[in-house]
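The values are calculated or read from the model by the stated rules, or taken from the named source; none is laboratory data. Computed from a predicted model, the values in this text were never measured in an experiment. Using ideal geometry, Cβ is built from the backbone for each residue, glycine included, and neighbour counts are taken over all protein chains shown.
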Amino acid sequence: MEWTIDSFLIANFILIVGSILQMATGVSVGMIIVPFLAMISYSLIPVPIIFASLILTVMMVIKGREHIDIKSVPQVGFGMLIGIFLSIYVLSNIAFNYLGYLFGAFILISVFISVKVKSFTLNYKINYIGGFIAGFMGAMAGVGGQILGLIFQNHKLESIKSTLAFLYTIFSIVMLFIFYMFDRFSYNDIVSGLYMMPGFLIGFFISPYFVKYFNPKYAKRTVLITASFGAIILIVKTFLQ
């Protein structure tokens, strides 16, 4: 992708808004940013956005490190690893023209799961299956965080945000390494990631001024509606191309 001033400002505005909403609600930032970034360029997903978002998740881990719950991490992590490898195979065998449908569909699936799955009993099967789905969808389209949020939904908000940030940080590094090993992590991906880091940084530092005004219940609903709207626009845009 060739960056311009307009694309830089639009992409980082999307990331600022997404970061604020993630800090306020714990809902995965990927649900909002992926469909809108895909409208700028499919090349921004998944590798550049995974690389860029590390700056946000690392700072969230440092800030909330005392709230991290690592008890279920090994089981969730193993499932995520299998999902990542499967995503590499799928990405290597899907036509570029269909990526818009794929990204939009994953967003809508995430929204559907968020609305329909209210609660469940946490056990090792849920950890493995949830981790697998999160790893697959995260590596495919950068939207695995919402599945992880469902796994840890009965935790306190600070624990959800910190635990998810910890998981995402570790497995973003793993994903990037695996993508590199399969020759899917290039210099251009690094450049695009660096161009998008300011949005995450600004969002993190200004979020405290906005978070106090958010009602998490209504903020989450806003996130889901916005994500659905963006996904539908992306699918329609892909169909009309």
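In the stretch 132-178, which residues are of a type in the set (D, E, K, R) and farther than 28 Å from LEU234 by Cα? Within the stretch 132-178, LYS156, GLU158 meet the criteria.
Would you check which residues across the stretch 78-103 are in a helix (DSSP H, G or I) and not hydrophobic (A, V, I, L, M, F, W, C) and list them? Explain how you work it out, then say what you get.
In the first step, residues of the stretch 78-103 are kept if they are in a helix (DSSP H, G or I); the result is 78-92, 96-103.
Result: GLY79, GLY83, SER87, TYR89, SER92, ASN97, TYR98, GLY100, TYR101.
State all residues of the stretch 93-118 that are among the polar types (S, T, N, Q), crowded, with 20+ Cβ neighbours inside 10 Å and under 22 Å from SER41 (Cα atoms); if no residue qualifies, say none.
Quick first cut of the stretch 93-118, residues among the polar types (S, T, N, Q) only: 93, 97, 110, 114.
Within this subset, residues satisfying the condition of being crowded, with 20+ Cβ neighbours inside 10 Å are 110, 114.
Correct list: SER110 only.
Looking across the stretch 27-73, the residues that are part of a helix (DSSP H, G or I), surrounded by 18 or more Cβ atoms within 10 Å (Cβ to Cβ) and polar (S, T, N, Q) come down to SER53, THR57. If the condition is being at pLDDT 70 or above and farther than 19 Å from GLY77 by Cα, then the stretch 111-153 contributes VAL111, PHE112, ILE113, SER114, VAL115, LYS116.
When you scan the stretch 4-21, how many residues do you find that are surrounded by fewer than 22 Cβ atoms within 10 Å (Cβ to Cβ), part of a helix (DSSP H, G or I) and of a type in the set (S, T, N, Q)?
Within the stretch 4-21, the first condition is being surrounded by fewer than 22 Cβ atoms within 10 Å (Cβ to Cβ), and the residues that meet it are 4-10, 12-13, 16-17.
After this cut, where a residue has to be part of a helix (DSSP H, G or I) as well, the list is 5-10, 12-13, 16-17.
Narrowing the set further to residues that are of a type in the set (S, T, N, Q) leaves 7, 12.
Count: 2.
Here TYR213 fits the description: more than 17 Å from the chain's Cα centre (by Cα), modelled with pLDDT under 80 and either within 20 Å of SER43 (Cβ to Cβ) or not in a helix (DSSP H, G or I) (or both).
Each residue in the stretch 166-185 was checked for being in contact (Cβ under 8 Å) with a residue 24 or more places away in the chain and either in contact with an Asp or Glu (Cβ under 7 Å, 6 or more places away or on another chain) or not aliphatic (A, V, I, L, M) (or both), and 9 pass. Just one of the listed residues (ILE88, ILE82, ILE68) is of a type in the set (A, V, I, L, M), over 15 Å from the mean Cα position of the chain (by Cα) and under 23 Å from HIS155 (Cβ atoms), namely ILE68. Residue-level check: of (1) within 20 Å of PHE85 (Cα to Cα); (2) of a type in the set (Phe, Trp, Tyr); (3) touching a residue at least 60 places away in the same chain (Cβ under 8 Å), TYR195 misses just (1).
The condition (being of a type in the set (A, V, I, L, M) and farther than 19 Å from PHE177 by Cα) is satisfied by just one residue among LEU99, LEU81: LEU99.
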